[in-house]
Every structure is written in structure tokens, then in C-alpha cells.
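Written out below as C-alpha cells is the structure these notes cover.
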Amino acid sequence: NAGVTQTPKFQVLKTGQSMTLQCAQDMNHEYMSWYRQDPGMGLRLIHYSVGAGITDQGEVPNGYNVSRSTTEDFPLRLLSAAPSQTSVYFCASRRGQNYGYTFGSGTRLTVV
Amino acid sequence: TQLLEQSPQFLSIQEGENLTVYCNSSSVFSSLQWYRQEPGEGPVLLVTVVTGGEVKKLKRLTFQFGDARKDSSLHITAAQPGDTGLYLCAGAPGNTPLVFGKGTRLSVIA
């Protein structure tokens with residue numbers, strides 16, 4: 001089924017560890033974004049990309065890196081995990097500026 | 001300051017009742033979107049409204065975009081337990097990334 005695939009679904013990290021959250025879409029969408037969702041805070045944009053080779057920072061980029069080497073893939077890297085990064089992370093893609101997002105099913109990350 | 005303010009934050013109603021939730025901003029949007037999110041899942045797009053004053057219907061859900069394109073509403077007629085979830089509005093003022101409101105959490109009791 002076409003859509004956005006995120007892996008892993010669950011992850012526990014120790015403070016200071018690094019890891020990469022994977023995101024892939026097979027809809028040939030140009031726009032891809034990473035959001036984090038925390039209770040009472042809604043969905044906050046971490047990083048986004050409007051095409052392969054182009055990335056930019058969102059509202060809460062500190063502690064995260066992204067790259068977009070292909071249209072399909074948009075991995076999110078946590079450089080040195082901190083408890084404040086405990087959250088649910090969603091990757092999403094869309095065709096263009098005025099189109100809706102297709103979301104992945106999320107990665108629930110706990111940093112201890 | 002939240003770009004998109006949603007109200008109410010929480011809503012608990014009986015099956016069969018009608019309800020309206022709101023999404024307001026001081027900014028003008030080229031389009032607004034509504035999503036529904038269920039526990040453990042990502043948000044799912046319900047509708048995109050583009051034209052000021054536009055009304056779109058999706059079965060028992062009616063979406064309206066304000067004339068000035070600064071606000072939107074979602075009206076549900078005869079709510080059912082399957083309508084339970086978190087309703088999110090989202091928009092981008094100009095050529096900027098999409099931002100989301102904090103959502104309205106709806107609970108429909110049978």
C-alpha cells in the first residue's frame with residue numbers, strides 16, 4: 001500500500017546515545033516533514049524538505065539533523081539523546097504547498 | 001503565541017448530539033486543512049478548504065472556511081462513537097511550512 005513508512009515504531013534510548021529514525025514514502029511527494037507531538041503542545045515542526053537536496057529548520061530543530069538525498073527518504077538523526085526528546089515523532093509527506101499531508105504511524109521514543 | 005487557536009480543547013457529548021469546533025487565527029491562509037487522529041496513529045487528512053466562504057461536506061461533517069480566510073469550523077451532525085478522536089486544523093500563511101493547532105479532543109459517548 002502506498003504511503004509513509006516509519007521505523008522503528010518504538011525505541012528506548014539512554015541519554016547521550018544517537019540514533020536515526022527512518023522515513024520513506026512511495027508517492028513521489030516533493031514535500032516531507034518531521035513533527036514531534038507532546039501532550040498539550042500539539043504537533044511541532046522539527047525539520048522539513050521541499051525536494052531532494054533541500055532541507056530547512058522548523059520550530060524545534062535543536063538536537064536533530066536531517067538529510068534528503070532522494071525523493072523517497074527523509075531520515076531524522078538524534079545526535080545525543082536527551083530526556084527532553086522523549087516524544088512521539090511523525091514523518092509526513094505531501095505533493096506540494098496547498099496539499100494535505102500523508103502521515104506515517106509514528107515512532108514513540110523514550111530517552112532515559 | 002499559537003498561530004492557529006482551536007476551541008474547545010476538550011468536548012464530551014452524547015451520541016446523536018451536534019457539535020462545532022473552531023480554528024481561528026489573525027493570519028490569512030491560502031488554505032486550511034482538517035485532520036483526525038486516533039490513539040497510536042498518525043493524523044489522517046479529512047479535507048482541504050481553499051476558497052474564502054467555501055463549505056465542504058463529508059457525510060455528517062461540514063467544514064467551512066471563513067470569508068477572510070483566517071478561520072474555519074467543523075460541524076458534526078448526529079455524532080457517533082466512531083467520531084471520537086483528536087481533530088486538528090493546519091495551515092500555512094504564505095509559502096511557509098504547515099503549522100498545526102493544538103487540537104480538539106472529542107469523545108462521543110454511546
- [ ] Would you kindly identify the strands (runs of 3 or more DSSP E) lying entirely within segment A:33-112 that contain at least 3 residues that are among the small types (Gly, Ala, Ser)?
- [x] A:42-51, A:87-94
Task: Residue ID - farthest from the chain's Cα centre (by Cα), chosen from residues in segment B:22-63 that are closer than 15 Å to B:Ile76 by Cβ and of a type in the set (Ser, Thr, Tyr) - done: B:Thr62
Task: Residues located in segment A:22-63, provided they are more than 10 Å from every other protein chain (Cβ to nearest Cβ) and among the aromatic types (Phe, Trp, Tyr) - done: A:Trp34
Open item on the list: What's the number of the only condition in (1) over 27 Å from A:Cys91 (Cα atoms); (2) part of a loop (DSSP other than H, G, I, E, B); (3) in contact with a Phe, Trp or Tyr (Cβ under 9 Å, 6 or more places away or on another chain) that B:Lys57 fails to meet?
Closed with: (2)
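From the set of residues in segment A:70-87 that are among the aliphatic types (A, V, I, L, M) and surrounded by 17 or more Cβ atoms within 10 Å (Cβ to Cβ), which is nearest to the other protein chains (Cβ to nearest Cβ)?
Initially, segment A:70-87 is screened for residues among the aliphatic types (A, V, I, L, M), giving A:76, A:78-79, A:81-82.
Among the residues that remain, those that are also surrounded by 17 or more Cβ atoms within 10 Å (Cβ to Cβ) are: A:76, A:78, A:81.
Details: A:Leu76: 15, A:Leu78: 19, A:Ala81: 22 Å.
Among them, the one singled out is A:Leu76.
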Task: Count - residues of segment B:78-110 that are β-branched (Val, Ile, Thr) and part of a strand (DSSP E or B) - done: 4
- [ ] Filter segment A:68-91 down to residues that are of a type in the set (Ser, Thr, Tyr) and touching a Gly at 6+ places or on another chain (Cβ under 9 Å) and give me whichever is farthest from A:Gly104 (Cα to Cα).
- [x] A:Ser80
Open item on the list: Can you find a residue that is free of Cβ contacts under 8 Å to residues at least 12 places away in the same chain and within 12 Å of another protein chain (Cβ to nearest Cβ) anywhere in segment B:71-88?
Closed with: no
- [ ] Those residues that are out of contact with any Ser or Thr (no Cβ under 7 Å at 6 or more places or on another chain), in a loop (DSSP other than H, G, I, E, B) and surrounded by 14 or more Cβ atoms within 10 Å (Cβ to Cβ), I need them from segment B:31-52; list them, please.
- [x] B:Pro43
TODO: Determine which single condition B:Gly101 fails, assuming it passes every other condition in (1) out of contact with any Cys (no Cβ under 6 Å at 6 or more places or on another chain); (2) touching a residue at least 60 places away in the same chain (Cβ under 8 Å).
DONE: (1)
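Rule-based calculations on the coordinates, nothing more; no lab input. On a predicted model such as this, the values are computed, not experimentally measured, just so you know. Using ideal geometry, Cβ is built from the backbone for each residue, glycine included, and neighbour counts are taken over all protein chains shown.
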